[in-house]
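Below: the structure, in structure tokens.
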Amino acid sequence: MTKPLPIIIDTDPGQDDAVAILLALASPEFEVLGITAVAGNVPLALTEINARKICELAGRPEIKVFAGAVRPLLRPLVTAEYVHGQTGLDGPVWSDPKMPLQKQHAVDFIVETLMTHEAGTITLCVLGPMTNIALALIREPRIASRIKRIVAMGGGFFEGGNTTPAAEFNIYVDPHAARAVFDADTPMTLVPLDCTHQALSTAARIERFRSIKNKPGPAIAAMLSFSERFDEQKYGTDGGPLHDPCVMAWLLKPELFQSREVNVEIECESELTMGMTVVDWWRVTARKPNATVCRSINAQGFFDLLIERISRLP
Ligand code: BDR
Ligand code: CA
């Protein structure tokens, strides 16, 4: 067997973040070095607790969870309780996590891990606003050339935005951080709404999770039944988009995605289009490609992968 890929998961859980973390923990292809929480879907005080609840649900209380930035670099924090509920993980009944929160700050953990491991080996899976990653790059710019790849859920181009007409939530919450990350000259994959809006957790797919004979399967069914009620109404679809696990799926099965190497710039000046990912899909500028941008996903293959992996958890 080839060596597992060492990853750090930076996240703001969130029900879809929870499924992404569970997918990573269920996949032997990954070695999860740590989970770094950031403010996003709900404030940091909740996202770090949620990250620990998810590790315990997966039967992995030894995973290291770190708390990071309490707010975006420049703008006030915008949260999304209207989607995720007051806790961020509404749906199942949770008990308070028993595993500890690490004392080290998430940003210090990211920097230290990248500086002490062999360069070009560690992948960052970014599932929320990019504040922690930008702060790590500012604190120790040498990490930029040591990261193997950043794979991030964020943005939208053909699909537009989900938080404003132009901007997707993760990028909208901290556009300045996103700009710093895209400017870092690190290999980058972006999984935008163009993909995730095709990955719908339909009623039939939720039933597949519910019938898995372990704790995480039915918990996922309860989480998604809660979080999708808002999206179903908004988009008029059967099921809501299951955004964040697409990041792990791209690493596990890139053949499920169609993508292109293109330039992406982040709008940080105009209030109207703040946080827009300006993707040069047709290569109409001379700007250098700085990301692999995914345009579509094989949704059936994605859910088959999820069900197969989640079934492996205790
Ligand atoms: C992104 O925003 C959050 O609400 C989700 O967890 C996902 O990361 C989708 O726009
Ligand atoms: Ca998220």
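The values are calculated or read from the model by the stated rules, or taken from the named source; none is laboratory data. Quantities reported herein were computed from a predicted structural model and do not represent experimental measurements. Don't worry about glycine lacking a Cβ; one is built from the backbone with ideal geometry, like all the others, and counts go over all protein chains shown. Heavy atoms of the whole protein, side chains included, go into the accessibility calculation; ligands, DNA and RNA do not. Shrake-Rupley method; radii C 1.70, N 1.55, O 1.52, S 1.80 Å.
With the whole protein complex present, Arg287 retains an accessible surface near 110 Å², based on a 1.4 Å probe. Rg over Rh for the range 5-310 works out to 0.93, using Cα positions for both radii and the Kirkwood form for Rh. For Ile122, the amide hydrogen comes within under 5 Å of the amide hydrogens of Lys148, counting only partners 5 or more places away or on other chains and with H modelled in the peptide plane.
For the range 5-310, the share of accessible area belonging to carbon and sulfur comes to 55 percent (1.4 Å probe, ligands and nucleic acids excluded). Accessible area per residue for the range 5-310 is 38 Å², calculated with a 1.4 Å probe on protein heavy atoms, without ligands, DNA or RNA. In the complete set of protein chains, residue-level accessible area for His243 is approximately 30 Å², probe 1.4 angstrom. For the range 270-287, list residues with backbone N below 19 Å from a point placed 7 Å from the Cα of Gln258 toward its Cβ? Within reach of a label on Gln258, which here means backbone N under 19 Å from a point 7 Å along Cα→Cβ, the range 270-287 contributes 279-284. What the phi angles of the range 23-29 give under the Karplus curve with 6.51, -1.76 and 1.60, with θ = phi - 60°, is a coupling list of 4, 5, 5, 8, 10, x, 5 Hz, glycine and proline written as x. Protection proxy ranking for 90-102, 207-219, 35-47, 159-171, using the average of other Cβ atoms within 10 Å per residue and placing the highest first: 35-47, 159-171, 207-219, 90-102. Here the spin labels are modelled as points 7 Å beyond Cα on the Cα-Cβ line, and at Ile138 and Ser211 they lie 5.1 nm apart. Around the amide H of Gly34, modelled in the peptide plane, lie the amide H atoms of Ile9, all under 5 Å away and 5 or more residues distant in sequence or on another chain.
3J(HN,Hα) along the range 158-174, derived from phi through the Karplus expression 6.51 cos²θ - 1.76 cosθ + 1.60 where θ = phi - 60°, amounts to 5, 7, x, x, 10, 10, 10, x, 9, 10, 8, 3, 4, 7, 4, 5, 9 Hz, with x in place of Gly and Pro. Phi-derived couplings, Karplus 6.51 cos²θ - 1.76 cosθ + 1.60 at θ = phi - 60°, listed residue by residue for the range 185-202: 6, 10, x, 9, 10, 10, 10, x, 4, 3, 8, 5, 6, 8, 9, 8, 7, 5 Hz, with x used for Gly and Pro.
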